[in-house]
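First the structure, in the form of structure tokens, and then the observations on it.
The values are calculated or read from the model by the stated rules, or taken from the named source; none is laboratory data. All values derive from a computational prediction rather than experimental measurement. Note that each Cβ is placed from the backbone with ideal geometry, even for glycine, and that neighbours are counted across all protein chains shown. Accessible surface areas use protein heavy atoms only, side chains included; no ligands, DNA or RNA. Shrake-Rupley method; radii C 1.70, N 1.55, O 1.52, S 1.80 Å.
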Amino acid sequence: MKAYNGKSVYKGIAMGNVVVMKDRALPIKRYRIQEIEAEIARVDEAGKKAKFQLQNLYDKALKKVGETNAAIFEIHQMMLEDDDYLESIQNMIRTEQVNAEYAIAVTGDNFSEMFANMEDDYMRARAADVKDVSNRLVKILQGREDVDFFSIEPSIVVADDISPSETVQMDKEKILAFVTVHGSANSHTAILARMMNIPALVGVPVDLQEIHTGMEAVVDGFQGKVIFEPSKEICEQIQKKLQEEKEKAQLLQTLKGKETITLNGKRIRLFANIANVGDVGYALENDAEGIGLFRSEFLYLGRTSFPTEEEQFQVYKQVVQMMGGKKVIIRTLDIGADKQVDYFNLGQEDNPAMGYRAIRICLKEPEIFKTQLRALLRAAVFGNLSIMYPMIISLEEVQQIYKIVKEVQRELDRVQIPYKIPEQGIMIETPAAVMISDELAEMVDFFSIGTNDLTQYTLAVDRQNEKLDDFYNPHHKAILKMIQVVVDNAHKCGKWAGICGELGADLELTETFVKMGVDELSVAPSMVLKVRKRIREVEG
């Protein structure tokens, strides 16, 4: 039995078998080989195994996510049969007498760079595909296996770290808990764990070489502890805790259908934060009154090319229809920072949190933005949809956004496609936006305060840096004063103001937010009933 402590991301209990995601970045060494044909045969064998893996992934993805999203695995299979790609690998092995892993990695880099520099959008998107294919071959040659999250039993995932793009591809029904060696408690992966209502620990000092898939483990998010190969006594204690948590959850169920209203009659709108269509079920199951934040960027993650207008339209339409007239606030794409997407070709930045991200990408590359806006305006016809723009720092940005929206209107008018101009609001997540919120309130329909980034930018603390977790203090007086300023400025203009950041679910501050006059709280689905219970206990 081995026990480790970490930082708890979501306070819950889990017990089950472990699935280990080994380090995915083993160094690729170059060495001289003697048997050239034997080395080429290794490439051939790896290719056959890769095709088998990809066909399995395609078959499973077809059932889970549909033909459009499964098609990427067919593209990867075709790349494994590309003569130019294969001949380049073989030629390097023959002429330089180098090992297969090195030849594949170099060829992958060369082809990826070649595709990235092409003018055709489709071909540029293939840059990420050829990199993925090369990585798969190298992993097979190195004896490393991918975790198949479609077919595993419900498990506790243990990894060095997990990126948002990896998280979004996981089958949530198969994840009991996350345990990572690295990662910040304030990262987007941590946010997703809270949204998925699963226990998660980060900063756990476990040696992944000592942990293997199939081991039993327990995760206690309340104590911030994971125990591998627990004793019978520990398992009995955990079973008792699981039963207690189940009983608490059953008590919360009695709040379904109840009003989110304070003791003296003040109503607060209580919405849910989600990342995809599959999360709508969690929101409805927990009796959310609407969707306060649909993270549309997750449509762009876990794939190798931009989602089309039609793909986006179908997703947005499905969400608003499923919510049956309840408000659905969709945030335009917030790519950048820790949510990196290869086919965007954003490049490396010294400080990505303050770099080329979110609305800045949309305004610099309006065609990407227009595709999303067309889909949103079309979907607005089918339900109560609102649009929210992230990372605003100036009045000029809002003016530029509205100009682009007008252009999209004209495009849709020209082809006679039905659309609707929905409510449009902005996220307040920079100190600049706070300071000019009185003027911004005159231009937009609502404010939603993103406390995660507002905290990081105000305190000059990178929320992805695990060394700074102790300095990341969302309860800081400066943050609370900023929230009050934003709410007051919104109300002066007759607009509403909500909170969609993680702070909205902080039960220690619920009463404070009510007294500040916050109109809406949007939280992880798992927190909706807990926050409703707290609101119903406080004076307005």
Matching residues in segment 221-242 - criterion: being under 15 Å from Ala177 (Cβ atoms), open to solvent by 10 Å² or more (accessible area, probe 1.4 Å) and not in a helix (DSSP H, G or I): Phe222, Gln223, Lys225, Ile227, Pro230
Checklist (1) within 20 Å of the chain's Cα centre (by Cα); (2) open to solvent by less than 10 Å² (accessible area, probe 1.4 Å); (3) of a type in the set (A, V, I, L, M, F, W, C) applied to Met527, failing item: (2)
Residues located in segment 1-14, provided they are in a strand (DSSP E or B) and over 21 Å from the mean Cα position of the chain (by Cα): Lys2, Ala3, Tyr4, Asn5, Ile13, Ala14
Checklist (1) surrounded by fewer than 17 Cβ atoms within 10 Å (Cβ to Cβ); (2) touching an Asp or Glu at 6+ places or on another chain (Cβ under 9 Å); (3) not in a loop (DSSP other than H, G, I, E, B) applied to Lys248, failing item: (2)
Tally of residues being in a helix (DSSP H, G or I) and farther than 11 Å from Ile483 by Cβ across segment 502-529: 11
Total residues in segment 85-136, condition among the hydrophobic types (A, V, I, L, M, F, W, C) and closer than 20 Å to Glu39 by Cα: 11
Complete set of residues in segment 343-385 that are of a type in the set (Lys, Arg) and open to solvent by less than 60 Å² (accessible area, probe 1.4 Å): Arg357, Lys370, Arg374, Arg378
Matching entry among Val487, Val461 (being out of contact with any Phe, Trp or Tyr (no Cβ under 6 Å at 6 or more places or on another chain) and open to solvent by less than 50 Å² (accessible area, probe 1.4 Å)): Val487
So Arg534, is it in contact (Cβ under 8 Å) with a residue 24 or more places away in the chain and in a helix (DSSP H, G or I): yes
Elements of type helices (runs of 4 or more DSSP H) in segment 15-112, at least 3 residues being modelled with pLDDT of 90 or more and not hydroxyl-bearing (Ser, Thr, Tyr): 36-65, 83-96
Unique residue being among the charged types (D, E, K, R), over 23 Å from the mean Cα position of the chain (by Cα) and over 20 Å from Tyr316 (Cα atoms) when the list is Glu407, Glu365, Glu429, Glu411: Glu407
Residue match in segment 491-508 (condition: open to solvent by 60 Å² or more (accessible area, probe 1.4 Å), within 24 Å of Val528 (Cα to Cα), under 27 Å from the mean Cα position of the chain (by Cα) and not aromatic (Phe, Trp, Tyr)): yes
